[in-house]
Amino acid sequence: MIRKVTLLAVGALMGATAVSAVNSFGGSAEAAGSATYRQLAIFGNVFERVRAQYVTPPEEDKLIESAINGMLTSLDPHSSYLNQDAADDMRTQTRGEFGGLGIEVTMEDELVKVITPIDETPAARAGVLAGDFISEIDGEPVRGLSLGEAVDKMRGPVNTSIELTILREGADAPITLKVVRDIIAVKAVRSRVEGDVGYLRVISFTEKTYDDLSDAIDEITEEVGEDELKGFVLDLRLNPGGLLDQAISVSDAFLDRGEIVSTRGRNPEETRRFNSRPGDLTGGKPVIVLINGGSASASEIVAGALQDHRRATILGTRSFGKGSVQTIIPLDSSTALRLTTALYYTPSGTSIQGTGIRPDIRIEQPVPEELRGRVKPSGESELRGHIQGENEDEEGSGSIAYVPPEAEDDVQLGLALELLRGEKTDPAFPPNPDQAAVKN
């Protein structure tokens, strides 16, 4: 059986999700029917049989946790149970610091699949690539483990090493990599000056993202000079998502007015709309947003808002297509439920679930010869058990998620810079606000 699950667990991964504010549980939606109670009675009977008659005494708490996880993973790939360690890890992650390897992973065909290594982390430095399958951890097979159990094995004290056996598309034999665990201090935004253009790369959406972005815009404007500054490149490639409120704040940084995103839950009264406030941090400078198959969830909210308002031109390849919102619901003082409670919609009322953001200027990033066949397109539409998007079709979502390490090899960035400097032209740049998909 194929099972794909994304789990927030500090030290091993960053979650590809837009997480809403933490809420406490306030009651049930509907009373369960008699058939449901009969099924629960069967569950209790099975539990007692296993507890009393299994060949070796099982750990009862693990049995229950596994049953809960089985229920949640049957819903969609992004709902999960957070035990005390996972809940603590998630809270640490949203603060922008965590310890471990620095990879975002999922479970596929009973192996741990790497979605993406986080920049400048032990995993990235050791040579772990997106699309790799981890088959062994310190010589022990991954098959038979849950994703959480595999993540636990990859955790450990800082400065201790771990050996990963990797199956890589195109490789003749398994690859063994030694990774030294470290504290992963993820800077939410990295910036630099590219001549007369400001480059802003949003790594993830943590509590630090908006503040980091604001500081970076101020520093670039001061360094280049407001009159000389041609505009900004906002790089959202390989950004797996993060906090919903930070995605809203980042979008607001470039918008003066209008809706940013809406979330729609099970009941019509649960619809929420988030609007921008007056004030564009860039002073209205031209913006080009870069996306690819690694741009998911919160990063898609930003790209969708700026695209619909024609505030920015979107350049690259189709994004991941995760258009769902997860709410963290505390169950007690130490555990929580990560539950998909809504879908989000761009300002034009479009759901990108299973379809992704289509760029205004589509340009593929060439993959080096040594990686050809190893880096595969990925997207929400490929995840087993994903929520079917209302606009989803056979084409699906996602694309190859590859960004070259050297800027001179980055054709997507190169074109963005040329457009901003007027060295090249394209009908999609600059975008025309009069053609906005939503009226302000």
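The values are calculated or read from the model by the stated rules, or taken from the named source; none is laboratory data. The structure displayed is predicted, hence computed values, not measured ones. All Cβ positions, glycine included, derive from the backbone under ideal geometry; neighbour counts span all protein chains shown. Only protein heavy atoms, including side chains, enter the accessible area calculation; ligands, DNA and RNA are left aside. Shrake-Rupley method; radii C 1.70, N 1.55, O 1.52, S 1.80 Å.
Within segment 346-361, residues that are free of Cβ contacts under 8 Å to residues at least 40 places away in the same chain sit with their Cβ atoms under 7 Å from residues that are open to solvent by less than 10 Å² (accessible area, probe 1.4 Å) and not in a loop (DSSP other than H, G, I, E, B), at 6+ positions apart or across chains, in these pairs: Q353/S324; Q353/E380.
Scanning segment 53-62 for residues that are modelled with pLDDT of 95 or more and either in a helix (DSSP H, G or I) or among the hydroxyl-bearing types (S, T, Y) (or both) yields Q53, Y54, T56. Which residue is nearest to the chain's Cα centre (by Cα), if the candidates are limited to segment 232-254 and must be open to solvent by 10 Å² or more (accessible area, probe 1.4 Å) and closer than 19 Å to I217 by Cα? Per the criteria, the residue is Q246. Residues in segment 193-220 that are surrounded by fewer than 22 Cβ atoms within 10 Å (Cβ to Cβ) and in a strand (DSSP E or B): V193, E194, Y199. Within segment 377-392, the presence of at least one residue that is out of contact with any Leu (no Cβ under 7 Å at 6 or more places or on another chain), under 18 Å from A303 (Cα atoms) and open to solvent by 50 Å² or more (accessible area, probe 1.4 Å) is confirmed.
If the condition is being under 19 Å from R358 (Cβ atoms) and among the aliphatic types (A, V, I, L, M), then segment 384-402 contributes I400, A401.
Based on what the data block shows, is N23 in contact with a Ser or Thr (Cβ under 8 Å, 6 or more places away or on another chain), surrounded by fewer than 19 Cβ atoms within 10 Å (Cβ to Cβ) and either at pLDDT 65 or above or in a loop (DSSP other than H, G, I, E, B) (or both)? So N23 passes the test. If you go through segment 300-317 and pick out every residue that is in contact with a Ser or Thr (Cβ under 7 Å, 6 or more places away or on another chain) and crowded, with 24+ Cβ neighbours inside 10 Å, you end up with 8. When we screen V151, V142, V158, V128 for residues that are touching a residue at least 60 places away in the same chain (Cβ under 8 Å) and either touching a strand residue (DSSP E or B) at 6+ places or on another chain (Cβ under 6 Å) or more than 13 Å from T176 (Cα to Cα) (or both), the only hit is V151.
Mind checking which strands (runs of 3 or more DSSP E) fall wholly inside segment 93-156 and carry at least 3 residues that are touching a Phe, Trp or Tyr at 6+ places or on another chain (Cβ under 9 Å)? Please lay out each step first, then the result.
Numbers: elements: 97-100, 103-108, 111-117, 133-137.
Per the criteria, 111-117.
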